[in-house]
Amino acid sequence: MKDLRRFYEIDNLKKSWKWLNTSVKYDYKSYFRNLYKAYALSNEESIKDLRKRLKDGTYIPSHSTKVYIPKKSGILRPFTLLSIEDQIVYQALVNIIADKLLTKVEGNYNKVNFGNRYNGPKATFFFKDWKKGYSLFNRTLIKSYQNGLTTTATFDLTAFYDSIDHKVLGYILSTHGLGDDFIKFLTDCLGKWTCNTGEGLYHGHGIPQGPMASSLLAEVVMHYVDEEFKKSKLPVKYLRYVDDIRLMALDERGVKQGLLALDLLSKRVGLFPQPAKIDIHEITNVFDEIKTISQDPEIREAEKSMSAEKVLNKLSKLTKGDKINNETQFKYLLNIATPSTQLNNKLLQVLNKQQHLYEPVLRYYESLPKLSKRVSEELVHQIKTNNLYEETTAMYLRCCLNRIHKDYYDDIINICLNYVRIIDTLRSPTLRSIILTWLLCDLKLTYIDLERLLAKSSSWTIQSIIGEIKKDHYGVASYQELINSLLINDSSDVALSAAYLCISNDLKVTVEKNTINPLAQIPLSKLGKIKTPIYRNSTISDSLKIILKERLPECDWKRLFGRKHPKCERQLFMCRSYMQTDATAYFNQLDVFNDLLLDSLYKVDNQLGSYTLGKIGSVLNSIRLQTLYPKFYKLCDIVHNLRLKSELSHPLEKSTNKYTRRLRFAEIKRNKKTMKEGYLEVISKVNALSQVPV
C-alpha cells in the first residue's frame with residue numbers, strides 16, 4: 001500500500017498538475033487549452049477532492065477519446081485524449097515510478113540512453129532538455145565511428161506504445177519494488193484509457209500516445225531492454241534515443257549478433273521489430289547517419305529564434321529536387337523559424353510535393369496572424385482535394401480559423417456546411433469540433449441545430465467548442481439556459497468548462513445544486529455561484545447501473561447507510577471491477593455489501609427486528625425478512641450460498657464437506673434478474689419509508 005498511498009498524497013497530485021502545465025508537449029496541451037484554464041480556477045480544492053476519491057477507492061477513470069493521425073506510410077497513429085483528472089492521475093502514477101527508477105537508470109543516461117531523462121522530484125520540468133540528450137547522442141555516434149565502429153544498423157520497434165503488454169509492464173515494475181496494489185491500479189487505468197470511448201474493447205496492452213507520462217512509462221520497458229542487452233557482452237556499441245536503437249560494430253558479423261540478441265529480447269517482452277527499417281551498412285558519411293534519428297514530433301520550441309533568411313538557406317541545403325533529405329531537421333527549423341513571405345511561399349512547394357509534412361508546415365502557418373491570399377488559396381485547395389484522412393482535414397481547417405484571407409472565407413464556410421450535413425458519419429472528434437467552431441463563428445447554426453449537434457457529440461468535442469458559443473449569438477437567456485444544461489453533464493470536463501463560462505460571463509446558476517456535476521460545483525462554490533458545502537452524489541446508483549445494465553430508481557443511499565456509506569460505495573465499486581475479471585471475488589464483495597445493506601435496512605424498518613452486522617447467515621431463516629422483503633431475501637440467500645462455495649471464503653463447504661471452488665461468470669449472468677428485483681424492492685420500500693413522518 002505504501003506506493004499507492006504516496007501516489008495519492010496531495011503534494012504528488014499538485015506536482016502532477018504543475019508538470020502538466022510546464023510540459024513542452026504543446027501539441028497535446030493545445031487540445032485542452034480552455035480546460036486547463038477552467039481547472040486552474042480552483043485547482044487546489046479540486047485536487048483535494050480528487051485525492052479524497054482516490055483514497056476512498058471511488059475514483060473512476062474515464063474512457064479516452066482517440067484521434068487517428070496519418071503517418072508518412074498512410075498508417076494511422078493513435079493519439080489519446082484523456083480527461084483532465086485522468087491526466088493528473090496518470091502523471092501522479094508515473095511520478096512514483098520515476099522516483100523509483102531514478103537511481104537505477106541514472107548510470108545509463110548519456111552512455112546508452114539519451115532521451116526522456118527524468119529531471120527529479122523538485123524540478124520545474126518533468127524531463128530534462130531534450131536538445132542536450134539529442135546532441136550528445138549524435139556526438140557519441142560520431143565518436144564511435146571515429147573509433148573504428150564503421151558498420152551500423154538501426155533497430156526500430158513496430159507500434160511500440162500500442163504493443164506494450166500490461167502484464168509485462170507489471171512484472172518489470174514489480175522488479176523495481178513497486179507494490180502489487182499500485183501496479184493493479186495503474187494497469188486497470190491503462191485498460192480504460194487504451195479502449196476507445198464506448199466501444200468496450202479492452203486490449204490488455206498499449207499505453208496512451210500523447211500524454212507526457214507515457215514517455216516515462218515506455219522507458220520502464222526500454223530500460224529492461226537496455227539492461228538485458230548489456231548482459232550479452234557483445235562487441236557492439238548500443239545507443240538508444242527513445243525507441244530508436246542504433247548498433248555499431250567493427251564489422252557486419254558484430255552488428256548481426258547485436259540484431260539477433262535484440263530481436264530475441266524484444267520478442268521476450270512482447271515487442272516486434274520493423275524488418276523494413278533494419279538496414280545493415282557501412283558508414284560512408286557519418287553525418288548522413290544523424291539524419292535518420294527522429295525526435296518527438298510533439299516537442300517544439302516556444303520561441304522563434306532563427307531568421308527566415310537563415311532558415312531558407314538551411315532549407316535549400318536540406319532539399320534535393322523536390323525531396324527534403326532530413327525531415328527531422330526540417331521540422332525543427334520550422335519550429336524556430338521567424339516567418340516571412342518568402343518562407344511562406346517556399347513551404348507551399350513543400351506542401352504540394354511532400355504532403356506528409358503537413359503537420360510542421362501547418363504549425364508554422366498557425367504562428368501567422370493572417371494568411372496571404374496565395375497561401376489561403378493553396379490551403380483551401382488542399383482541403384478540397386486532400387481529404388482522405390479526416391484528421392488532416394481538421395488540421396487544415398484549424399490552421400485557417402481566424403487567419404484565412406477574406407477572398408476564401410466563404411469557401412471554408414461552404415466546406416463546413418457540406419460537412420455538417422454528414423456530421424453523424426464523421427469519426428474524428430477534432431473534425432467535428434472545428435466544423436462546429438467555424439459555423440458558430442459565422443452564426444450559421446440555429447439554437448435548435450446547436451442543441452441537436454451537442455446531444456450527438458462526444459464529451460471532448462463539447463468541451464472544445466462551448467467556449468466558441470457567445471452570449472450575443474443566441475441572447476443571454478438562451479445562452480444561460482445552454483450553459484446551465486451543461487453544468488449537469490455526466491462528463492466532468494464538459495461541466496467544468498461550463499462552470500468556467502458561467503463564472504467568466506457572470507451567469508446565474510438556475511439548476512438544482514445537487515444535480516450539478518461535482519467537479520463543476522467546486523469553482524462555482526469557490527466564486528459564490530452556489531452555496532457550500534459541495535454535494536457529491538453517491539456512486540452506488542451508478543455502480544448498480546453498470547452491473548445490471550439498467551438504471552434503477554433513485555435512492556438516498558447516503559441517508560440510508562449513514563457513516564457506513566463510504567465503505568458501502570467502495571464495496572459495490574469493487575463489484576464493478578470484479579464482474580469482468582474475477583467472479584469469485586465478485587460474489588464475496590457482493591455478500592459483504594448485502595450484509596451492510598441489511599444492517600441499515602433493519603435500522604430504518606422497525607418491523608424487521610434486530611440485526612448484527614457480520615451475521616448475515618443468521619437472518620436467512622427469518623420469516624419476517626422473507627415476508628416483508630421476499631425478493632431481496634432471495635438475492636441475499638443466493639449470493640451468501642455462493643460465497644460459502646467460494647474458495648476465497650473457506651477450504652471446505654460446511655453443508656456438503658466438499659472443497660470450495662472458483663465461482664463462474666455464468667453465475668453472475670444467471671442471477672442478474674434476481675439481483676435487479678431484489679434491489680428494486682429495497683429501493684421502493686426505503687423510499688416509501690422516507691415519506692412516513694417520524
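The values are calculated or read from the model by the stated rules, or taken from the named source; none is laboratory data. Keep in mind that what you see is a predicted model, and the values were worked out from it rather than measured. Backbone-built Cβ (ideal geometry, glycine too); neighbour counts: all protein chains shown.
Some points to look at:
- Residue in the range 565-573 that is within 25 Å of the chain's Cα centre (by Cα), crowded, with 20+ Cβ neighbours inside 10 Å and under 24 Å from ASP605 (Cα atoms) present: yes
- Tally of residues being among the hydroxyl-bearing types (Ser, Thr, Tyr) and farther than 19 Å from LEU173 by Cβ across the range 214-257: 3
- When the residues of the range 400-429 are filtered to those that are outside any helix (DSSP H, G or I) and crowded, with 19+ Cβ neighbours inside 10 Å, the one that is modelled with the highest pLDDT is ILE404.
- From the list THR154, THR124, THR150, the one residue that fits, being β-branched (Val, Ile, Thr), surrounded by fewer than 18 Cβ atoms within 10 Å (Cβ to Cβ) and modelled with pLDDT under 95, is THR124.
- All of SER600, SER649 fail the test of being hydroxyl-bearing (Ser, Thr, Tyr) and in a loop (DSSP other than H, G, I, E, B), apart from SER649.
- Verdict on VAL105 being of a type outside the set (Asp, Glu), touching a His at 6+ places or on another chain (Cβ under 8 Å), surrounded by 15 or more Cβ atoms within 10 Å (Cβ to Cβ) and assigned by the TED database to the domain that holds LYS132: yes
- For the range 369-388, the condition holds for at least one residue, the condition being that it is in the same structural domain as TYR419 (by the TED database), touching a strand residue (DSSP E or B) at 6+ places or on another chain (Cβ under 9 Å) and surrounded by fewer than 20 Cβ atoms within 10 Å (Cβ to Cβ).
- Condition broken by THR140, with the remaining ones in (1) within 17 Å of MET248 (Cβ to Cβ); (2) of a type in the set (S, T, N, Q); (3) assigned to a loop (DSSP other than H, G, I, E, B) satisfied: (3)
- For the residues THR612, THR627, THR581, the requirement of being among the β-branched types (Val, Ile, Thr) and part of a helix (DSSP H, G or I) singles out THR627.
- Remark: LYS346 matches the filter, which requires a residue to be farther than 25 Å from ARG77 by Cβ and basic (Lys, Arg).
- Test result for LYS25, in contact (Cβ under 8 Å) with a residue 24 or more places away in the chain, basic (Lys, Arg) and within 23 Å of LYS331 (Cα to Cα): yes
- If you go through the range 1-56 and keep only what is among the β-branched types (Val, Ile, Thr) and part of a helix (DSSP H, G or I), you end up with ILE10, THR22, ILE47.
- Any chance TYR68 is at pLDDT below 95 and assigned to a strand (DSSP E or B): yes
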